[in-house]
1. Just give me the residues in segment 207-220 being surrounded by fewer than 21 Cβ atoms within 10 Å (Cβ to Cβ) and either hydroxyl-bearing (Ser, Thr, Tyr) or within 16 Å of the ligand (Cβ to nearest atom) (or both), in sequence order.
2. Return yes when Val112 is open to solvent by 30 Å² or more (accessible area, probe 1.4 Å), at pLDDT 95 or above, in contact with a helix residue (DSSP H, G or I) (Cβ under 9 Å, 6 or more places away or on another chain) and of a type outside the set (Phe, Trp, Tyr) and no when it is not.
3. Select from segment 125-141 the residues that are within 24 Å of Leu187 (Cβ to Cβ) and open to solvent by 10 Å² or more (accessible area, probe 1.4 Å) and write down the one among them that is nearest to the ligand (Cβ to nearest atom).
4. When Glu223 is evaluated against the numbered criteria (1) of a type in the set (Asp, Glu); (2) more than 16 Å from the ligand (Cβ to nearest atom); (3) surrounded by 15 or more Cβ atoms within 10 Å (Cβ to Cβ), which criterion, by number, is the only one it fails?
5. Quick check on my filter: what residues within segment 142-194 are small (Gly, Ala, Ser) and within 14 Å of the ligand (Cβ to nearest atom)?
Amino acid sequence: MVRRPRVVRTLPALQQAVARLRQSRRTIALVPTMGALHQGHLSLVRLAHRHARAVIVSIFVNPTQFAPNEDLASYPRDLHGDLAALARAGADLVWAPATQTMYPPGFATTIVPGGPATVGLEDKFRPHFFAGVATVVLKLFLQCGPQIAIFGEKDYQQLKVITTVTRELDLPVEILGAPIVRETDGLAMSSRNAYLSAPERALAPTLQRVLASCAAKIARGCEPASTVADGRAAIERAGFVLDYLEVRNADTLEPVAAAADAPLRLLVAARLGRTRLIDNVAV
Ligand code: AMP
């Protein structure tokens, strides 16, 4: 028998539930999500279980990380399905606050991250994004009091930003990264994949194939700059509108001059119709 996790929607109820977990001296791991959960999210929950006695999953579609022209209103929401999936994956508590609980009227505080948040990748195309993410994640940490928090490498720049903010603000939380979970054809799982039409869905794995091919070429000694230039052309030829394909230092996300500046990471963002896809791979 699978047991549905307890869902709390107000701050007093969360504080009470967290106090109870603390009283029983259970290590708490937090998995922040925006819901519409898939196997990628559930892999984070399973990893959380390996590191902590209690797992809190937050489900909150955070308006401050969406620009007015982005997909906040249409972002997929399925709390019922999410709770069924979390019952199977074994979350202890689901924190699903209302927008007004997170951002009461007049809310006026923002964390502005630097470093990996200002390297010209996601930040160039979504300038509002990392301030929204850093602010909501800091709030979630303070609300849930985890010792451990899990983030997916799917959002690689986000993982680096959260790791940096956590370190620089001396937050007592250990950040763990989790590998990207993919569909069998290589497409990185994403809640936004639901937007893809059938022809777009058939084309979407090309992104990962180009990434893998560029990574293999650079690992074999091909020059990084010309390899990603070829990769960009291949992605555009396939019918994507490319935001970026870049090879970067895997830790700082700064540009690299040569393959010797290892470890390297290839990162891509491209649009198919109205769907924006991101992916990345280690070299
Ligand atoms: P989201 O609900 O898109 O905000 O994602 C919540 C968390 O799940 C983030 O830490 C993501 O990086 C992670 N995540 C999303 N998709 C995947 C995936 N395919 N594999 C691993 N982690 C993922």
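1. Result: Ala212, Ser213.
2. Here the answer is yes, as Val112 does meet what is asked.
3. My answer is Phe129.
4. With (1) of a type in the set (Asp, Glu); (2) more than 16 Å from the ligand (Cβ to nearest atom); (3) surrounded by 15 or more Cβ atoms within 10 Å (Cβ to Cβ) applied to Glu223, the lone miss is (3).
5. Ala149, Gly152, Gly177, Ala178, Gly186, Ala188, Ser190, Ser191, Ala194
The values are calculated or read from the model by the stated rules, or taken from the named source; none is laboratory data. Remember, it's a predicted structure, so these values are computed and weren't measured experimentally. Note that we place each Cβ from the backbone using ideal geometry, even for glycine, and neighbour counts take in every protein chain shown. All accessible areas refer to the heavy atoms of the entire protein, side chains included, with ligands and DNA or RNA removed. Shrake-Rupley method; radii C 1.70, N 1.55, O 1.52, S 1.80 Å.
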